Amino acid sequence: MFSRLHAIHRWAASRYGADPLQLLALLACFALAGYAAGRVVAAGIWEGFVVWFVGAALIHDLLLFPLYAIADVVAQRLPWHRLPWHRRRSPAAAQWPPWINYLRVPIGLSGMLLLVWFPLILRRSQDRYEASTALSTSPYLGRWLLVTGVLFAGSALAYALRLRRDKSLHRPHWR
């Protein structure tokens, strides 16, 4: 039975050009986006949503993307070996896996959360938020900082596990 499923998987991958699970995930994303669009239209706020969506796309493409692309290039090209806390690395340590993605992911997710929730995090809409919900915006900054800390800690743990796994792969096995 497993070989039959594997054959179906290979056939679908050859026809589609990628893993069939990727197609399933893509269809699920389109279904979710369609549901959200239907809810926006049903609520009668589609004009404001379109303005927000186009504005967000323009701000991202014309302002934010160039800024974080430049920051990424600068972070990769910094002379890390000249920093005072940098130790000389052994030739084995020079083979460390790239660290930049373990920094990009928490920064990107934290930045996205800040971008979406900045009026509440920075208390710019305290009066309107309190009038409509009877709640304070005071917990948002602490919660955003906590989520950011957890993202960076999780990324550091993932990198440490990757280093450990790579080290164990290159360790000679003595019998």
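The values are calculated or read from the model by the stated rules, or taken from the named source; none is laboratory data. Since we're looking at a predicted model, the values are computed, not measured. A quick note on method: Cβ atoms are made from the backbone with ideal geometry, for glycine too, and the neighbour counts reach across all protein chains shown. In case anyone asks, the SASA skips ligands and DNA or RNA and just uses the protein heavy atoms, side chains included. Shrake-Rupley method; radii C 1.70, N 1.55, O 1.52, S 1.80 Å.
To keep it simple, each residue is scored yes or no on (1) touching a helix residue (DSSP H, G or I) at 6+ places or on another chain (Cβ under 9 Å); (2) open to solvent by less than 90 Å² (accessible area, probe 1.4 Å); (3) touching a residue at least 40 places away in the same chain (Cβ under 8 Å).
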| site | (1), (2), (3) |
| --- | --- |
| M1 | no, no, no |
| A7 | no, yes, no |
| R10 | no, no, no |
| D19 | yes, yes, no |
| G34 | no, yes, no |
| A42 | no, yes, no |
| I45 | no, no, no |
| F65 | no, no, no |
| V73 | no, yes, no |
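Take L114 and decide whether it is open to solvent by less than 50 Å² (accessible area, probe 1.4 Å) and either outside any loop (DSSP other than H, G, I, E, B) or without any contact (Cβ under 8 Å) to a residue 24 or more places away in the chain (or both). Let's see the steps before the verdict.
Details: open to solvent by less than 50 Å² (accessible area, probe 1.4 Å): no; either outside any loop (DSSP other than H, G, I, E, B) or without any contact (Cβ under 8 Å) to a residue 24 or more places away in the chain (or both): yes.
It is false that L114 is open to solvent by less than 50 Å² (accessible area, probe 1.4 Å) and either outside any loop (DSSP other than H, G, I, E, B) or without any contact (Cβ under 8 Å) to a residue 24 or more places away in the chain (or both).
Is it the case that L109 is aliphatic (A, V, I, L, M) and exposed (fewer than 14 other Cβ atoms within 10 Å of the Cβ)? Criteria not met by L109.
Determine which member of the set A12, A75, A33 is modelled with pLDDT of 85 or more, assigned to a helix (DSSP H, G or I) and either of a type in the set (A, V, I, L, M) or more than 30 Å from G149 (Cβ to Cβ) (or both).
Every option except A33 fails the conditions.
Kindly evaluate A131 against the criterion of being hydrophobic (A, V, I, L, M, F, W, C), farther than 18 Å from N101 by Cβ and either touching an Asp or Glu at 6+ places or on another chain (Cβ under 8 Å) or at pLDDT below 95 (or both). It is true that A131 is hydrophobic (A, V, I, L, M, F, W, C), farther than 18 Å from N101 by Cβ and either touching an Asp or Glu at 6+ places or on another chain (Cβ under 8 Å) or at pLDDT below 95 (or both). Somewhere in region 148-156, is a residue open to solvent by less than 50 Å² (accessible area, probe 1.4 Å), in a helix (DSSP H, G or I) and modelled with pLDDT under 90? Within region 148-156, not a single residue is open to solvent by less than 50 Å² (accessible area, probe 1.4 Å), in a helix (DSSP H, G or I) and modelled with pLDDT under 90.
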